1. Quote the FRET efficiency, to the nearest 0.05, computed for residue 213 versus residue 46 with a Förster distance R0 of 45 Å and r equal to the Cβ-Cβ distance.
2. In nm, what is the difference between 0.36 nm times the number of residues separating residue 254 and residue 77 and their Cα-Cα distance?
3. Quick check on the range 16-66: what are the equivalent-ellipsoid semi-axes from the Cα gyration tensor, as sqrt(5λ), descending, whole Å?
4. Fully extended, how many nm does the chain gain between residue 261 and residue 282 (0.36 nm per residue separation, minus their Cα-Cα distance)?
5. Kindly give Rg over Rh for the range 193-233, based on alpha-carbon atoms, with the Kirkwood expression for the hydrodynamic radius.
């Protein structure tokens, strides 16, 4: 049977069996915002909710991909299947960085229990793209017990993505200098576990010492992702965090709330911005005969009729 002739039922069955090609095809539809993906995603959803989500965030160049490569090895030694989503929430192109990420994980490409996917979310209506939630659900339905979500940078989108995970690992590296002060109010607060990479360097010891004054309520480790030094200790801290059922339950509720808001925002955005503006209304605002506040509310009221919602 050729893959192009797969029925919906066969396609779903193949994904539930962990078939990489079938899952990849669906993820391509998801990234392209193809509506043909919707019935498949709806059918797969009841098979999800089992995977553990681990967010890996930190500045670009901190060594996140190298760390993930080490973590995949440790999870596979325990016999657990792993999915990786390398997310670039800001650019639809993402050529160089994402390609580099995947190349650093090449030792696992032939392992059928490991699925690695670069995900360019191509922007969203003011927040996280639904494509990320869809991709997580697809990997979950495939039977991946662990899903590692790698963010590319440390912008607001990355912070939002990291908050959705059951456990968040914040990876830092030496050479940041005064940036630590800038990060105190944001990035440094989100990690359940923090680690300073390249721990064999003098600069790393200095950064670790500096962070000890800021990060006092969570584990803070020194590691070398490239050499694997300290990674087993980090792995142990992640396992401890995953075992906290109350925390995981709260995070799952946050995940669902964020997904619902994201999907609602996307639909309303498509509805409102997908239609042409009324020239008369724009002219009325220009002449100050109408105000933008009331006009926006009138659009929302129109959207509430649901006949406008795709």
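1. Efficiency at R0 = 45 Å is approximately 0.40.
2. On the way: separation 177, 0.36 × 177 = 63.72 nm, distance 3.08 nm.
Separation in residues times 0.36 nm, less the Cα-Cα distance, equals 60.6 nm.
3. Its equivalent ellipsoid spans semi-axes of 27, 15, 11 Å.
4. This chain segment gains 4.7 nm when fully extended.
5. Numbers: Rg = 9.8 Å, Rh = 10.2 Å.
That ratio is 0.96, to two decimals.
Every number here is computed from the coordinates shown, using simple stated rules; none is lab data. A quick note: this is a predicted structure, and the numbers were derived from the prediction, not measured. Please note: Cβ atoms are built from the backbone with ideal geometry, for glycine as well, and neighbour counts cover all protein chains shown.
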